[in-house]
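All remarks here apply to the structure that follows.
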Amino acid sequence: MEWPEPIVRVQSISESGTTVIPKQYIKPPSRRPSLQSFESDHVSIKIPTIDLSEDMDYSSIVTSMSEACREWGFFHLANHGVSPVLLKKIRSVWKEFFYLPMDEKNKYANNPVTYEGYGSRLGVMKGANLDWGDYFHLNFLPVSLQDQSKWPSLPSSCRDTIEEYGREVAKVYSKLMRVISKSLELEEDDLWRALGGSEFTATMRVNFYPKCPQPDLTLGFSTHSDPGSLTILLPDDHVKGLQIRKDGSWLTVDSIPDVFVVNIADQIQVLTNNTYKSVEHRVLVNAEEERMSLAFFCNPKCDLMIEPMKRFVSEDQLAMYSPMTYQEYRMFVREKGPQGKSQLESLKSFGPRSTTSVDVDLAENA
Ligand code: OGA
Ligand code: NI
């Protein structure tokens, strides 16, 4: 399978110096960012912060986690144990990669079968509207799918740094799963086990959003929820752009140095039968500065059936989702690109329809 039309690197369009973006990147008016987002006094919101330092009282961490996941589905993670030096190093190797000549980067051009490598679109629909961003996607776990020859060989420290960073962030995932499990009043290992335990899978996606001459007409990443279990994002160290949808409004997430942004993804919504929900988010671009972020996607073991856990199912609260493996689930976004939460909605089994905000959200993304 190949891409349906020739791939154009957004970075090349940006560097051409054009003042007008190509039509394919212009969003329909209802999906464009609001103009306020670009005003100089635009304020970003503070999402909750979970502090994992050793000296924090564990039960208070669990309580904050429960509030953050129920209320927001997104939180900042401070004192996560990954050293600031490593964060700086991983940012710098990826910046260097994106600054390499196009011929060098194109050696890693990806295809829609595995998505692994250097890419510029999500989805294979011909003529689809596109997002203002390039990326590099790679498989990290399981180790059997890790192929370092597909990772950038330049800069020379790239592969080692990716490996070290991935290993450290995977540890953060296992710590978080225990806290999240507790916060749902489950046993510490329940959620971890329901996602495949140590056989969980992980991919890394480095997003590079070049400067855009008409940022009010497009998005760096259209509205979506993440398909997997949990996303641990290292945002840009100073350029904002991530927005989350809360109670129908788009809010810009503030950025705090060296702190991760973590969000609940679709599979946790399925397992908890809507107790914790994945939240829609999108990315704005801007005319003055490029932006780079590193998403570490923690996903279930690929061939494991994921369905609502017994603890969240009762006579009053029937299972809302039919079982499906993650392998099957992720085909949707790979084919159709970011589509809000429409996939999760389409998975809802018969029985009581949810009356949550998910239904309201859908209208705009239909
Ligand atoms: C993603 C994503 C947000 C960002 O990669 O899924 O939502 O800030 N990224 O780049
Ligand atoms: Ni995302």
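Taking the stated definitions as given, is Glu307 within 16 Å of Gly228 (Cα to Cα) and not hydroxyl-bearing (Ser, Thr, Tyr)?
yes
Given the structure, is Tyr108 open to solvent by 50 Å² or more (accessible area, probe 1.4 Å) and among the aromatic types (Phe, Trp, Tyr)?
When the stated conditions are applied, Tyr108 does not pass them.
Out of the residues in the range 209-235 that are among the β-branched types (Val, Ile, Thr) and within 9 Å of the chain's Cα centre (by Cα), state the one that is nearest to Arg245 (Cα to Cα).
Once the filter is applied, the top-ranked residue is Thr231.
For the range 137-161, name all the residues that are open to solvent by 10 Å² or more (accessible area, probe 1.4 Å) and either free of Cβ contacts under 8 Å to residues at least 24 places away in the same chain or hydrophobic (A, V, I, L, M, F, W, C) (or both).
Leu141, Val143, Ser144, Leu145, Gln146, Gln148, Ser149, Ser153, Leu154, Ser156, Arg159, Asp160
So which residues in the range 229-264 are more than 22 Å from Asp134 (Cα to Cα) and outside any strand (DSSP E or B)?
Ser229, Asp247, Gly248, Asp254, Ile256, Pro257, Asp258, Val259
Given (1) out of contact with any strand residue (DSSP E or B) (no Cβ under 7 Å at 6 or more places or on another chain); (2) outside any helix (DSSP H, G or I); (3) not small (Gly, Ala, Ser), where does Ile180 come up short, assuming only one miss?
Condition not satisfied by Ile180: (2).
Conditions tested, residue by residue: (1) among the acidic types (Asp, Glu); (2) out of contact with any helix residue (DSSP H, G or I) (no Cβ under 8 Å at 6 or more places or on another chain); (3) open to solvent by less than 30 Å² (accessible area, probe 1.4 Å).
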site: Val82; (1), (2), (3): no, no, yes
site: Leu86; (1), (2), (3): no, no, yes
site: Lys89; (1), (2), (3): no, no, no
site: Val93; (1), (2), (3): no, no, yes
site: Phe97; (1), (2), (3): no, no, yes
site: Met102; (1), (2), (3): no, no, no
site: Gly117; (1), (2), (3): no, no, yes
site: Asn129; (1), (2), (3): no, no, no
site: Tyr135; (1), (2), (3): no, yes, yes
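Please work out if Met320 is away from ligand 1 (no atom under 12 Å from the Cβ) and crowded, with 19+ Cβ neighbours inside 10 Å.
For Met320, the condition - away from ligand 1 (no atom under 12 Å from the Cβ) and crowded, with 19+ Cβ neighbours inside 10 Å - is met.
Would you confirm, using the coordinates I've provided, whether Asn274 is touching a Phe, Trp or Tyr at 6+ places or on another chain (Cβ under 9 Å), under 22 Å from Gln339 (Cβ atoms) and either assigned to a loop (DSSP other than H, G, I, E, B) or among the basic types (Lys, Arg) (or both)?
Spelling it out, Asn274 is indeed touching a Phe, Trp or Tyr at 6+ places or on another chain (Cβ under 9 Å), under 22 Å from Gln339 (Cβ atoms) and either assigned to a loop (DSSP other than H, G, I, E, B) or among the basic types (Lys, Arg) (or both).
The values are calculated or read from the model by the stated rules, or taken from the named source; none is laboratory data. Given the structure is predicted, the values throughout are model-derived calculations rather than measurements. Virtual Cβ from ideal backbone geometry, glycine too; neighbours counted across all protein chains shown. When the accessible area is computed, the model is the full protein with side chains, heavy atoms only, and any ligands, DNA or RNA have been set aside. Shrake-Rupley method; radii C 1.70, N 1.55, O 1.52, S 1.80 Å.
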